[in-house]
Structures are given as structure tokens and as C-alpha cells.
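Read the figures in this text as sums done on the coordinates, not as results from a lab. Computed from a prediction, not measured in an experiment: that's the story for all the values here. Reconstructed Cβ throughout: ideal geometry from the backbone, glycine too, with neighbour counts over all protein chains shown.
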Amino acid sequence: MRPLRTALAGVLLGVTLLSGCGSSDTATPAPTSAPASAAPGGPFPVTVQAANGPVTIAAKPQRIVSLSPTATESLFAIGAGPQVTAVDDQSNFPAEAPKTDLSGFKPNVEAITGRNPDLVVVSNDLEGVVAGLGKVGVPVLVLTAATKIDDAYAEIEKLGTATGNRARADEVVAGMKRKLADLAAAAPKAELTYYHELDVTPYAATSTTFIGQIYALFGLKNIADAAPDAAGGYPKLSAEFVAKADPDLIFLADVKCCGQNAEALAERPGWGGLKAVADGDVVELDDDVASRWGPRVVDLAEAIGAGVAKAAG
């Protein structure tokens, strides 16, 4: 559904280039005469600490433009969907999101301002979008790709504060934490190895990455951790490396973008006899769910848990 370069750009650009901004940022209301809990959603103005520094939002936004698929999913999950008037061309969930031809990878300030936004959310400050929108008085929240699970929670909470939906955002985060804990507790206690494939190159993800931390909840051992060059957590592995490691489980995050499945793996030189392929323990993930680290992380964990249960059974 996405070209390979787009799929990798969201992961590698967001994580390796801008991973310094994480859950250490907090969402705090600007000084007012009442505490943040005094009214549903919190009072305005509010100041939110984002990757681009403190961002002050004068009034509850009613015309939000989201140029981040993860942020789009989070906004709708916390009840801010009616406030969203436009999203980028990669935001395809939920179905009711008002998709446009706006680009998050090459944001055009003029095209964005044409939507008359009172808040813009992006995952990276590209093409001078923050400065450009700042000149016309439009606040921009830069929420970079989460590097750990707590980052994802924090970003959902920040969006809740910024949009006047903090109470609902807190509920979403609490639900995510509860569900992830339940899934991890229910998983079979088996010592299994796995390989998570980002693309057919093949690029993988180590345990230090966000995705690797989700797998760690299930006690799985990542074969990519032994790669000679970690490459910021996303090493390019050789086919021989994967074949030698012979993982118990293979998770594919390049199904929609690249047409990968168990049959395709079996045709790769030396892969037909891999344990996971021979035993039917190749799990085809939803590419989008596996690369957008917002509320649907729970869906990803459910898919991983189901794969673990099958392999261990």
C-alpha cells in the first residue's frame, strides 16, 4: 500500500534522526487562574512541550491539520476527530479521517495554510514547516516517532492537552497499559527467538527500538541483536544471517507494501527450510499497525501474542 521508501522513511527518519525527543517532555497547562483539572479537557491557553520546544495554544483548536498518521490515529482515539479538518495522504485510519493530498514528508506551508488551521501536528520539522507556519501565527506540534513505550503514552497525553481532550487521552493510555499487561501475562512462557522484517532488503529492528520493546513484553529473543552493525537499532541483515539464526518466529511488516508472506519467504535462497517457515510460524502483520506507535500498538501486541501462543503450543 505504501512504497518501500515511504515505509522506511517513517521508521528510520523519525527514530534514528530525531530519537532524542521522548517521554522526558511533559504536557503542562500554561499559568491560569485555575488548575488544569478545573474543567473537562483543561483550561486554555495551554503550553505543551513538544520536540520543537514549548508550544502555546491560545484556545481549544477547532481546525486541526494532522500530517502524521500516528497522530491522526491518536487524535481520533481521544475524541478529537470532530476537530480534525484535514490529514496527510498517508493517514488512512480511521476511515472517517478527512484525507487530503497534503504531504507529511514534504509539507507545503502554503497548502497547509489554505486549510485555515488553528493547530498543525507533524512528526518531523521538514521543509521549514514550523518556522513557515509560525510566521502566520499557526501553532505546530512536532511529535517525533516514539523510541519507547512511555513516549507513545506521553504523546497521546500531549495531544489530549493540546486539543482539550486530556481526560479521554488519559483513559486511552490507561486502557493501553492494561491491555498490554494482560497480553504479556497471558503469553506462554517459552524461550523463543524471532525475526521482525521491516522490508525485503532485509532491514530488521533490534530490542533497543520501540518495536523491539513490544516483543520483549512476551519474553522473545531478537536475532537482530547479534547483528554486527546495529545501525541505530535498524540493522540491514543478510539472508545468510537470518538463515543461520533460524528463528522460531518470523514477523513480516512488509506485507502490504512489498507482497511478502510465508510463500514468498520459502522462495528465498536458503529460507525454505527455516524452522518458522516449515512450521507455519510466519506472522503477517499489518504494515501500518506495525509502524504507527499510537493506540493501535495494542493491536500489534495482540498479533504478536497470537503468534507466540501458536508457536509455543
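How fast does the stretch 252-313 diffuse by Stokes-Einstein, in µm²/s, taking the Kirkwood radius from C-alpha pairs at 37 °C and 0.692 mPa s?
Numbers: Rh = 12.4 Å.
This corresponds to a translational diffusion coefficient of 264 µm²/s.
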Place a point 7 Å from Cα of Lys106 in the direction of its Cβ. Which residues in the stretch 122-154 have their backbone N less than 12 Å from it? 127
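Given the Cα-Cα distance of Asn92 and Ala306 and 0.36 nm per residue of separation, how much length would full extension add, in nm?
Working: separation 214, 0.36 × 214 = 77.04 nm, distance 2.50 nm.
Separation in residues times 0.36 nm, less the Cα-Cα distance, equals 74.5 nm.
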Sorted largest first, extent of the stretch 23-178 alpha carbons per principal axis (Å): 37, 34, 28
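Can you tell me the length gained on complete extension of the stretch Thr56 to Ala264, counting 0.36 nm per residue apart and subtracting the Cα distance? Display every interim value, and only then the final one.
On the way: separation 208, 0.36 × 208 = 74.88 nm, distance 4.99 nm.
Length gained, Thr56 through Ala264: 69.9 nm.
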Euclidean distance between Cα centres, the stretch 154-175 to the stretch 189-230, Å: 29
Among Ala58, Gly212, Ala97, which residue has its Cα furthest toward the positive end of the charge dipole of the chain, with +1 on Lys/Arg Cβ and -1 on Asp/Glu Cβ? Ala58
Contour minus end-to-end for Ala230 and Ala184, with contour as 0.36 nm per residue of separation and end-to-end as the Cα-Cα distance? 13.9 nm
As an exercise, use a Förster radius of 41 Å and the Cβ-Cβ distance of Lys99 and Glu191 to find the FRET efficiency, rounded to the nearest 0.05. 0.40
Assign one of three labels to the stretch 187-312, namely rounded, prolate or oblate, based on the Cα gyration tensor with a ≥ b ≥ c the square roots of its eigenvalues; rounded applies when a/c is under 1.5, prolate when it is not and a/b is larger than b/c, and oblate otherwise. rounded
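Quick one: grab the alpha carbon gyration tensor of the chain, order the square roots of its eigenvalues as a ≥ b ≥ c, and give me rounded if a/c is under 1.5, else prolate or oblate depending on whether a/b is larger than b/c.
Details: a/c = 2.35, a/b = 1.77, b/c = 1.32.
The shape class here is prolate.
Report for the chain the percent antiparallel among DSSP-assigned beta bridges with both residues inside it, nearest 5.
Values: 9 of 28 bridges.
Counting only bridges with both partners in the chain, antiparallel ones make up about 30 percent.
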Return the Rg/Rh ratio of the stretch 91-189 with Cα-based radii and a Kirkwood Rh. 1.06
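Looking at the square roots a ≥ b ≥ c of the eigenvalues of the Cα gyration tensor of the stretch 148-191, which shape do they give, rounded for a/c under 1.5, prolate if a/b is larger than b/c, or oblate?
Values: a/c = 7.09, a/b = 2.57, b/c = 2.76.
Taking the square roots of the gyration eigenvalues as a ≥ b ≥ c, the stretch 148-191 is oblate.
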